[in-house]
Structure formats: structure tokens, C-alpha cells
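Chemist: Please find one structure pasted underneath; my questions will follow.
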Amino acid sequence: MKIPSSLVPQADRLDEVLRAVEAVGHGAITFQDIARALGKVERQGRYYRLAAEILGFLNNSANHSVLTDSGRLLLGASAAERKSIIRHAVLSMPLIHRLIPFFEARLPGGISRTTLVRFLSEIADLGGDSMAPRRISTVTSWLVDSGVAEIKGDTMRLNPAAFAEHVVTFTKDDEPLFPKAYRLEDYDEAERQIKTRSALTTVLVDETTKERAEASHSRLIHMMAERIRGLGAVPKANRLIDLSAQVDDSIYLFEMKSTTEDNARSQVRRGLSQLYEYRFVQDIPKAKLVLVIEKQLPGSLQWLVEYLQKDRNIFLVWDGSDNFFASKEVAKALPFL
């Protein structure tokens with residue numbers, strides 16, 4: 001489906017959005033209050049309030065705005081911290097989740113404004129003809145001002161530095177991480193497929209939620225995300241997939257498992273199953289599957305290494321003293337090792 005117009009901002013300046021949040025922090029309640037605080041007309045007071053809502057800094061009901069937890073965090077942060085918080089908020093927008101793979105598919109060359117306008121017009125509800133130019137201008141400004149993208153010459157491209165602190169986490173299960181194409185019907189088809197497999201995805205979400213609560217699991221994700229960033233790629237995830245990335249022309253899906261000598265075999269089996277299911281749900285049959293475990297397999301289970309690599313075509317990687325290890329064949333095949 002198209003990104004609804006309510007999730008497409010039309011308030012050009014991120015610094016003014018911050019001022020709108022500050023206004024609410026100082027007692028502004030209505031969009032009329034926000035407009036007065038910003039020195040703008042009432043219509044723009046609505047635009048800037050909605051922009052702050054889209055970024056997750058305000059909640060609004062019946063023209064009564066209140067700060068969210070993220071909004072309070074923003075107002076209590078230093079200037080440097082605010083930049084990071086705002087960038088993270090931009091990277092959490094459903095519209096940006098749809099734009100990032102589009103940019104990735106055109107690396108390293110970037111995209112022209114004409115191409116961006118055409119894509120946005122196809123996949124998002126930009127309102128009437130009078131609203132579309134303003135919303136396209138806002139999206140472009142936010143991408144650049146937040147540091148998510150940069151303009152060089154006549155093209156815009158992703159800025160690798162923007163992803164130094166963040167794994168881009170898609171909030172909708174039915175938003176494809178790696179679309180086959182970039183037409184609206186492709187997104188509609190992905191949504192349809194996810195819904196038909198809803199029973200499977202519910203099980204996966206339950207399992208993944210439990211695992212991500214473990215500190216060791218999170219550490220493995222962050223370690224691998226750092227390797228991905230080092231290659232200039234964007235680490236992405238959703239509720240089902242621990243980590244994913246497109247490096248050059250290859251797509252990688254990662255599953256992380258906390259392991260001990262007692263549970264290593266069962267965890268490997270579970271990880272193997274989840275990787276196959278992730279690839280099926282996302283419908284990316286050529287994706288390369290990487291299983292990352294906390295500790296090297298014990299001697300009695302070394303046969304699993306050969307089984308995974310040669311029979312199942314799964315790349316097995318393990319952590320050792322905060323560094324990743326693998327067989328010679330896997331280390332040679334994976335660019336991030």
C-alpha cells in the first residue's frame with residue numbers, strides 16, 4: 001500500500017520541528033499555540049505539530065499535544081545528542097524505510113531529484129497537486145539536514161556516516177527489506193504474502209523477542225552491524241530478522257544465537273530453521289544465510305560445521321574474545337570477516 005499522507009511530513013525545517021517540541025515542553029498545547037511560538041500562521045502550526053508526531057516526539061488528541069518519552073529525551077539532551085536522536089527518529093519513519101532500499105539499489109551512483117520525485121509519487125500519498133511539491137521538498141530537506149543523505153552535484157545518495165550508530169529497524173513486518181522492484185504493486189504483493197504467512201511470522205516474532213532480551217544476543221548483533229558499516233553498507237532489521245545487509249550485489253540475512261556447550265546443537269538447529277523461514281517470508285531466495293553463534297562449537301559437534309557449510313549452504317561464524325571467527329572457506333567468502 002502507499003505510505004499514507006499522514007506519515008508524509010510537510011514542514012521543511014527540522015530545526016523548526018525541534019522548536020515546536022520545545023514549545024510544547026514550555027506549555028504549548030494546541031497547533032495555534034505552536035504557530036504563535038514559531039511565529040508562523042496556524043496552518044504551519046499544524047504542519048510542524050504533525051511533523052513532530054511523525055518523528056515520535058509528540059502525541060496529539062483533539063488538538064491537545066503532549067510530549068512522548070522520546071520528546072522528553074530530546075529536550076533533556078545536549079546539542080550533539082539531539083542530532084543523534086533526530087537522525088534516529090528520521091531513520092525510524094516508514095517512509096524512510098521505503099526509501100533506503102531504493103537508494104541502496106542505486107549505489108554508488110545515487111539518484112537524481114527527478115527519479116526521487118517519481119518514486120515518491122508512486123509509493124506515497126502526497127495529497128493533492130498543491131501539496132506534493134511541498135512534501136517532496138520536505139522529505140529532501142529532512143534527508144539532508146538529518147545527515148541520512150547527501151547531495152553531490154545533481155544526485156542524492158545515502159551518507160554512510162548516518163548509520164554509524166544505528167541499525168535501521170523496520171517497524172512493519174510486511175515492508176520488504178530488499179524489494180525485487182520498486183513499483184507500488186511490488187510492495188502490495190509483499191504485504192499480501194506476509195499476511196498469508198501470518199501464522200508463521202507470529203511464531204518467529206515470539207521467538208525473536210525472547211532471544212533479543214539477552215545481552216549476549218544484542219552484543220553479537222552490534223558487533224556484526226559494525227562490520228557491515230565498515231563496508232559502507234546499511235545494517236537493517238525488523239521484528240523477524242536479527243540483521244540483514246546488501247553488500248555489493250549480495251544480500252545477507254543473519255541469525256544470532258547465544259550458545260553454551262549444553263545447548264549448542266539445539267540452538268544451531270533453531271537458527272538454521274529460522275534462517276530458512278526468514279528467507280521464505282521475505283521472498284529473497286538468493287539471499288546468503290549467516291548463522292552467528294556465541295562460542296565455537298565443542299569438538300563433539302564439529303561435524304555440524306561441515307554439515308552447515310557443505311550440505312545446507314549456511315555460513316557459520318562464531319565469537320571469540322570480541323572477534324569473529326569462521327572456517328577458512330567461510331572467512332574467504334564473507335567480505336565482512
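The values are calculated or read from the model by the stated rules, or taken from the named source; none is laboratory data. Note that the structure is predicted; figures quoted are calculated from it, not measured. Don't worry about glycine lacking a Cβ; one is built from the backbone with ideal geometry, like all the others, and counts go over all protein chains shown.
Chemist: Quick check, is residue 73 at pLDDT 90 or above, out of contact with any His (no Cβ under 6 Å at 6 or more places or on another chain) and either among the hydrophobic types (A, V, I, L, M, F, W, C) or in a loop (DSSP other than H, G, I, E, B) (or both)?
Modeler: yes
Chemist: Another question, then. Just name the residue that is farthest from residue 97 (Cα to Cα) out of those in region 241-255 that are buried (at least 23 other Cβ atoms within 10 Å of the Cβ), hydrophobic (A, V, I, L, M, F, W, C) and touching a Ser or Thr at 6+ places or on another chain (Cβ under 9 Å).
Modeler: 254
Chemist: I would also like to ask the following. Kindly indicate the residue of region 162-186 that is out of contact with any strand residue (DSSP E or B) (no Cβ under 9 Å at 6 or more places or on another chain) and not in a loop (DSSP other than H, G, I, E, B) and also farthest from residue 103 (Cα to Cα) among those meeting that condition.
Modeler: 185
Chemist: Continuing with this model, one more query. How about region 164-174: which of its residues are at pLDDT 90 or above and in contact with a helix residue (DSSP H, G or I) (Cβ under 6 Å, 6 or more places away or on another chain)?
Modeler: 167, 168, 170
Chemist: Continuing with the same structure: Quick one: in region 33-83, which of the residues that are hydrophobic (A, V, I, L, M, F, W, C) and under 19 Å from residue 137 (Cβ atoms) is surrounded by the most Cβ atoms within 10 Å (Cβ to Cβ)?
Modeler: Here the residue is 52.
Chemist: Further, regarding this structure: Please pick out the residue among 309, 296 that is assigned to a loop (DSSP other than H, G, I, E, B) and at pLDDT 90 or above.
Modeler: 296
Chemist: When residue 109 is evaluated against the numbered criteria (1) crowded, with 17+ Cβ neighbours inside 10 Å; (2) part of a loop (DSSP other than H, G, I, E, B); (3) out of contact with any Asp or Glu (no Cβ under 6 Å at 6 or more places or on another chain), which criterion, by number, is the only one it fails?
Modeler: (1)
Chemist: Return only the number of the condition from (1) more than 21 Å from residue 172 (Cα to Cα); (2) not in a loop (DSSP other than H, G, I, E, B) that residue 62 does not satisfy.
Modeler: Condition not satisfied by residue 62: (2).
Chemist: Could you list, in sequence order, the residues of region 1-44 that are within 30 Å of residue 188 (Cα to Cα) and either without any contact (Cβ under 8 Å) to a residue 60 or more places away in the chain or not β-branched (Val, Ile, Thr) (or both)?
Modeler: If the condition is that a residue be within 30 Å of residue 188 (Cα to Cα) and either without any contact (Cβ under 8 Å) to a residue 60 or more places away in the chain or not β-branched (Val, Ile, Thr) (or both), then 1, 2, 4, 5, 6, 7, 9, 10, 11, 12 are the ones that fit.
Chemist: Which ones in region 175-204 are surrounded by 11 or more Cβ atoms within 10 Å (Cβ to Cβ), modelled with pLDDT under 80 and among the aliphatic types (A, V, I, L, M)?
Modeler: 194, 200, 203, 204
Chemist: Inspect all residues belonging to region 256-264 and state whether any of them is in contact (Cβ under 8 Å) with a residue 40 or more places away in the chain, surrounded by fewer than 17 Cβ atoms within 10 Å (Cβ to Cβ) and under 29 Å from residue 94 (Cβ atoms).
Modeler: No, every residue in region 256-264 fails to be in contact (Cβ under 8 Å) with a residue 40 or more places away in the chain, surrounded by fewer than 17 Cβ atoms within 10 Å (Cβ to Cβ) and under 29 Å from residue 94 (Cβ atoms).
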